[in-house]
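Undergrad: Please see the structure below; I have some questions.
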Amino acid sequence: MENVVNIQEVKPSLTNRRDFLRISGISMVGTGLLLAGCSKDNNNDSGPTTHLPGLNNGIFDLGSGDFGVLSYAYALEQLEADFYTKVVNATGFNINFTPEDRQVLIDLYNHEVIHREFFKAALTGALPNPATQLLPGLTFNYGTLNFSNRTQVLATAKALEDTGVAAYNGAGRLITNPDYLLLAGKIVSVEARHASAIRSLINPNSKDFAGDDVINTTTGLDVAKKPSEVIPIAGGFITTQFTALYLP
(Lines give C-alpha, C1' and ligand atoms only; values in the text may rest on other atoms or scores of the structure.)
Protein backbone atom coordinates (compact mmCIF):
# COMPACT_ATOMS: atom_id res chain seq x y z
CA MET A 1 0.00 0.00 0.00
CA GLU A 2 1.47 3.33 -1.04
CA ASN A 3 1.24 5.73 1.84
CA VAL A 4 4.18 8.10 1.54
CA VAL A 5 3.37 11.75 0.93
CA ASN A 6 6.36 13.86 -0.08
CA ILE A 7 5.35 17.37 0.90
CA GLN A 8 7.55 20.23 1.99
CA GLU A 9 5.39 21.45 4.85
CA VAL A 10 5.80 24.91 6.26
CA LYS A 11 6.31 24.49 9.98
CA PRO A 12 3.25 25.27 12.10
CA SER A 13 3.74 28.48 14.02
CA LEU A 14 2.55 27.76 17.52
CA THR A 15 3.12 31.31 18.72
CA ASN A 16 1.88 33.33 15.76
CA ARG A 17 -1.76 32.48 15.18
CA ARG A 18 -3.06 35.96 15.97
CA ASP A 19 -6.73 36.61 16.49
CA PHE A 20 -8.08 33.50 14.82
CA LEU A 21 -6.07 31.15 16.99
CA ARG A 22 -7.09 32.97 20.13
CA ILE A 23 -10.80 32.77 19.36
CA SER A 24 -10.46 29.13 18.35
CA GLY A 25 -9.07 28.19 21.75
CA ILE A 26 -6.82 25.44 20.36
CA SER A 27 -3.54 24.98 22.20
CA MET A 28 -0.91 22.42 22.96
CA VAL A 29 -2.64 21.89 26.31
CA GLY A 30 -5.18 19.92 24.33
CA THR A 31 -2.51 17.44 23.32
CA GLY A 32 -2.02 16.36 26.90
CA LEU A 33 -5.77 16.09 27.40
CA LEU A 34 -6.17 13.90 24.37
CA LEU A 35 -3.35 11.58 25.25
CA ALA A 36 -4.60 11.31 28.82
CA GLY A 37 -8.05 10.44 27.57
CA CYS A 38 -6.76 7.76 25.24
CA SER A 39 -4.70 5.60 27.55
CA LYS A 40 -4.66 1.86 26.96
CA ASP A 41 -6.18 1.32 30.39
CA ASN A 42 -9.20 3.49 29.69
CA ASN A 43 -11.06 2.35 26.59
CA ASN A 44 -14.22 0.48 25.77
CA ASP A 45 -12.94 -1.40 22.73
CA SER A 46 -12.25 -4.77 24.32
CA GLY A 47 -15.77 -6.19 23.99
CA PRO A 48 -16.35 -9.31 21.89
CA THR A 49 -18.42 -7.51 19.26
CA THR A 50 -15.86 -4.77 18.63
CA HIS A 51 -13.74 -4.92 15.50
CA LEU A 52 -10.33 -3.36 15.99
CA PRO A 53 -8.80 -1.40 13.11
CA GLY A 54 -6.48 -3.36 10.85
CA LEU A 55 -6.20 -5.38 7.68
CA ASN A 56 -9.33 -7.15 6.48
CA ASN A 57 -8.75 -9.32 3.40
CA GLY A 58 -5.63 -7.32 2.64
CA ILE A 59 -7.29 -3.89 2.93
CA PHE A 60 -7.16 -1.67 6.01
CA ASP A 61 -10.52 -1.38 7.76
CA LEU A 62 -11.26 1.37 10.26
CA GLY A 63 -12.93 -1.03 12.67
CA SER A 64 -15.79 -0.25 15.04
CA GLY A 65 -16.35 1.16 18.51
CA ASP A 66 -14.32 4.05 19.85
CA PHE A 67 -11.16 3.05 17.99
CA GLY A 68 -13.13 2.86 14.75
CA VAL A 69 -14.48 6.37 15.26
CA LEU A 70 -11.04 7.74 16.19
CA SER A 71 -9.52 6.10 13.10
CA TYR A 72 -12.31 7.61 10.98
CA ALA A 73 -11.58 11.06 12.43
CA TYR A 74 -7.86 10.50 11.84
CA ALA A 75 -8.53 9.79 8.16
CA LEU A 76 -10.53 13.01 7.78
CA GLU A 77 -7.92 15.07 9.61
CA GLN A 78 -5.21 13.64 7.35
CA LEU A 79 -7.21 14.89 4.37
CA GLU A 80 -7.74 18.38 5.76
CA ALA A 81 -4.11 18.73 6.87
CA ASP A 82 -2.88 17.62 3.44
CA PHE A 83 -5.23 20.03 1.65
CA TYR A 84 -4.14 23.09 3.63
CA THR A 85 -0.50 22.06 3.37
CA LYS A 86 -0.84 22.24 -0.40
CA VAL A 87 -2.74 25.53 -0.19
CA VAL A 88 -0.16 27.41 1.88
CA ASN A 89 2.73 26.00 -0.16
CA ALA A 90 1.22 26.78 -3.57
CA THR A 91 3.30 29.08 -5.77
CA GLY A 92 0.51 31.64 -6.03
CA PHE A 93 -0.39 31.75 -2.35
CA ASN A 94 1.16 35.15 -1.62
CA ILE A 95 -0.06 36.65 -4.89
CA ASN A 96 -3.61 35.39 -5.43
CA PHE A 97 -4.90 35.46 -1.86
CA THR A 98 -5.62 38.56 0.22
CA PRO A 99 -3.81 39.16 3.52
CA GLU A 100 -6.99 38.15 5.35
CA ASP A 101 -7.23 34.98 3.24
CA ARG A 102 -3.65 34.08 4.03
CA GLN A 103 -4.05 34.69 7.76
CA VAL A 104 -7.11 32.44 7.97
CA LEU A 105 -5.72 29.71 5.71
CA ILE A 106 -2.42 29.54 7.59
CA ASP A 107 -4.32 29.35 10.88
CA LEU A 108 -6.46 26.53 9.49
CA TYR A 109 -3.34 24.78 8.25
CA ASN A 110 -1.80 24.94 11.72
CA HIS A 111 -4.98 23.66 13.37
CA GLU A 112 -5.46 20.74 11.00
CA VAL A 113 -1.85 19.59 11.33
CA ILE A 114 -2.30 19.64 15.11
CA HIS A 115 -5.57 17.69 14.83
CA ARG A 116 -3.91 15.10 12.60
CA GLU A 117 -1.08 14.65 15.07
CA PHE A 118 -3.57 14.49 17.97
CA PHE A 119 -5.17 11.40 16.50
CA LYS A 120 -1.96 9.78 15.36
CA ALA A 121 -0.40 10.10 18.82
CA ALA A 122 -3.59 9.11 20.64
CA LEU A 123 -4.19 6.01 18.55
CA THR A 124 -0.54 5.01 18.71
CA GLY A 125 -0.70 5.20 22.50
CA ALA A 126 -4.08 3.49 22.89
CA LEU A 127 -4.30 0.71 20.29
CA PRO A 128 -3.21 -2.73 21.53
CA ASN A 129 -0.93 -3.16 18.52
CA PRO A 130 -0.43 0.16 16.70
CA ALA A 131 2.11 -1.40 14.31
CA THR A 132 -0.75 -3.20 12.57
CA GLN A 133 -3.83 -1.33 13.84
CA LEU A 134 -2.91 2.32 13.19
CA LEU A 135 -4.35 3.73 9.98
CA PRO A 136 -1.38 4.39 7.67
CA GLY A 137 -0.58 7.76 6.18
CA LEU A 138 -3.04 8.33 3.34
CA THR A 139 -2.35 9.72 -0.13
CA PHE A 140 -4.58 12.18 -1.96
CA ASN A 141 -5.49 13.41 -5.42
CA TYR A 142 -7.38 16.66 -6.01
CA GLY A 143 -7.84 16.24 -9.74
CA THR A 144 -7.77 19.51 -11.65
CA LEU A 145 -7.96 21.73 -8.56
CA ASN A 146 -5.67 24.74 -9.02
CA PHE A 147 -4.18 25.50 -5.60
CA SER A 148 -3.27 29.00 -6.77
CA ASN A 149 -6.87 29.81 -7.69
CA ARG A 150 -8.66 31.57 -4.83
CA THR A 151 -12.18 30.64 -5.95
CA GLN A 152 -11.37 26.96 -6.36
CA VAL A 153 -9.44 26.71 -3.10
CA LEU A 154 -12.10 28.44 -0.99
CA ALA A 155 -14.90 26.37 -2.57
CA THR A 156 -13.01 23.16 -1.78
CA ALA A 157 -12.20 24.35 1.73
CA LYS A 158 -15.88 25.10 2.30
CA ALA A 159 -16.87 21.61 1.17
CA LEU A 160 -14.21 19.96 3.34
CA GLU A 161 -14.99 21.98 6.46
CA ASP A 162 -18.76 21.57 6.17
CA THR A 163 -18.30 17.84 5.66
CA GLY A 164 -15.91 17.61 8.59
CA VAL A 165 -18.35 19.29 10.96
CA ALA A 166 -21.19 17.03 9.81
CA ALA A 167 -18.91 14.00 10.23
CA TYR A 168 -18.04 14.80 13.85
CA ASN A 169 -21.68 15.57 14.61
CA GLY A 170 -22.77 12.25 13.16
CA ALA A 171 -20.04 10.21 14.83
CA GLY A 172 -20.57 11.58 18.33
CA ARG A 173 -23.36 9.13 19.13
CA LEU A 174 -21.01 6.23 18.33
CA ILE A 175 -18.48 7.19 21.01
CA THR A 176 -18.81 5.42 24.37
CA ASN A 177 -15.76 6.73 26.24
CA PRO A 178 -16.71 10.11 27.77
CA ASP A 179 -13.12 11.36 27.48
CA TYR A 180 -13.14 10.71 23.74
CA LEU A 181 -16.56 12.37 23.39
CA LEU A 182 -15.37 15.46 25.26
CA LEU A 183 -12.35 15.82 23.01
CA ALA A 184 -14.35 15.22 19.84
CA GLY A 185 -16.66 18.00 20.98
CA LYS A 186 -13.72 20.34 21.44
CA ILE A 187 -12.36 19.57 17.98
CA VAL A 188 -15.71 19.87 16.20
CA SER A 189 -16.19 23.31 17.74
CA VAL A 190 -12.93 24.40 16.09
CA GLU A 191 -13.95 22.80 12.79
CA ALA A 192 -17.21 24.76 12.93
CA ARG A 193 -15.20 27.98 13.35
CA HIS A 194 -13.19 26.96 10.29
CA ALA A 195 -16.34 26.44 8.25
CA SER A 196 -17.70 29.84 9.33
CA ALA A 197 -14.42 31.60 8.56
CA ILE A 198 -14.22 30.15 5.05
CA ARG A 199 -17.85 31.05 4.33
CA SER A 200 -17.17 34.62 5.45
CA LEU A 201 -14.16 34.86 3.13
CA ILE A 202 -16.28 33.71 0.21
CA ASN A 203 -19.20 36.02 0.98
CA PRO A 204 -18.15 38.78 3.42
CA ASN A 205 -20.72 40.48 5.66
CA SER A 206 -23.35 37.85 4.87
CA LYS A 207 -25.25 35.28 6.91
CA ASP A 208 -23.56 32.42 5.09
CA PHE A 209 -21.45 31.59 8.16
CA ALA A 210 -24.59 29.89 9.52
CA GLY A 211 -26.42 29.23 6.29
CA ASP A 212 -29.63 27.25 5.99
CA ASP A 213 -27.70 24.56 4.11
CA VAL A 214 -25.77 23.63 7.27
CA ILE A 215 -28.01 24.83 10.12
CA ASN A 216 -31.50 23.38 10.49
CA THR A 217 -33.74 26.41 10.95
CA THR A 218 -36.31 24.36 12.88
CA THR A 219 -34.00 22.76 15.43
CA GLY A 220 -31.15 25.29 15.34
CA LEU A 221 -28.71 22.40 15.08
CA ASP A 222 -25.89 21.78 12.64
CA VAL A 223 -26.06 19.05 10.02
CA ALA A 224 -24.97 15.54 11.11
CA LYS A 225 -23.91 12.75 8.73
CA LYS A 226 -23.09 9.11 9.32
CA PRO A 227 -19.68 7.72 8.30
CA SER A 228 -21.33 5.90 5.38
CA GLU A 229 -22.50 9.30 4.08
CA VAL A 230 -19.19 11.11 4.66
CA ILE A 231 -16.64 8.58 3.42
CA PRO A 232 -17.87 8.57 -0.21
CA ILE A 233 -17.51 12.38 -0.24
CA ALA A 234 -14.05 12.44 1.31
CA GLY A 235 -13.10 9.38 -0.72
CA GLY A 236 -13.20 11.48 -3.85
CA PHE A 237 -9.86 12.92 -2.72
CA ILE A 238 -8.33 9.88 -1.01
CA THR A 239 -6.38 7.48 -3.21
CA THR A 240 -5.27 5.06 -0.48
CA GLN A 241 -7.84 2.29 -0.31
CA PHE A 242 -9.49 1.52 3.02
CA THR A 243 -12.88 0.31 4.21
CA ALA A 244 -15.31 1.12 7.02
CA LEU A 245 -17.25 -2.15 7.12
CA TYR A 246 -18.25 -1.85 10.77
CA LEU A 247 -19.25 1.81 10.94
CA PRO A 248 -22.84 2.84 10.15
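The values are calculated or read from the model by the stated rules, or taken from the named source; none is laboratory data. All values reported here derive from a predicted model rather than from experimental measurement. Glycine gets a Cβ as well: all are built from the backbone with ideal geometry, and neighbour counts include every protein chain shown. Keep in mind that these areas ignore ligands, DNA and RNA; they rest on the heavy atoms of the full protein, side chains included. Shrake-Rupley method; radii C 1.70, N 1.55, O 1.52, S 1.80 Å.
Undergrad: If I model a spin label at S148 and T218 as a point 7 Å from the Cα along the Cα→Cβ vector, what separation in nanometres do I get?
TA: For S148 paired with T218, the spin-label model returns 4.8 nm.
Undergrad: For N203 and E229, what is the calculated FRET efficiency with R₀ set at 22 Å and r taken between the beta-carbons, to the nearest 0.05?
TA: Details: r = 26 Å, r/R0 = 1.17.
E(calc), rounded to 0.05, equals 0.30.
Undergrad: Taking all protein chains as present, what is the carbon and sulfur share of the accessible area of segment 72-209, in % to the nearest whole number, probe 1.4 Å? Provide the component values of the computation, followed by the final result.
TA: Working: 2900 of 5280 Å².
It is 55 percent, rounded to a whole number.
Undergrad: Let me ask another. How much of the calculated P(r) for segment 51-125 lies past 17 Å, in percent of all Cα pairs?
TA: That tail contains 53 percent of the Cα-Cα pairs.
Undergrad: What residues of segment 109-145 lie in the reach of a label at L55, counting those whose backbone N is under 12 Å from a point 7 Å from the Cα along Cα→Cβ?
TA: Once the point is set 7 Å along Cα→Cβ of L55, 132-133 turn out to lie under 12 Å by backbone N, inside segment 109-145.
Undergrad: Something else about it: Applying the Karplus parametrisation 6.51 cos²θ - 1.76 cosθ + 1.60 with θ = phi - 60° to the phi angles of segment 147-164, what ³J(HN,Hα) value in whole Hz is obtained for each residue in order, glycine and proline being reported as x?
TA: 6, 9, 9, 4, 4, 5, 5, 5, 5, 5, 4, 4, 4, 5, 5, 4, 5, x
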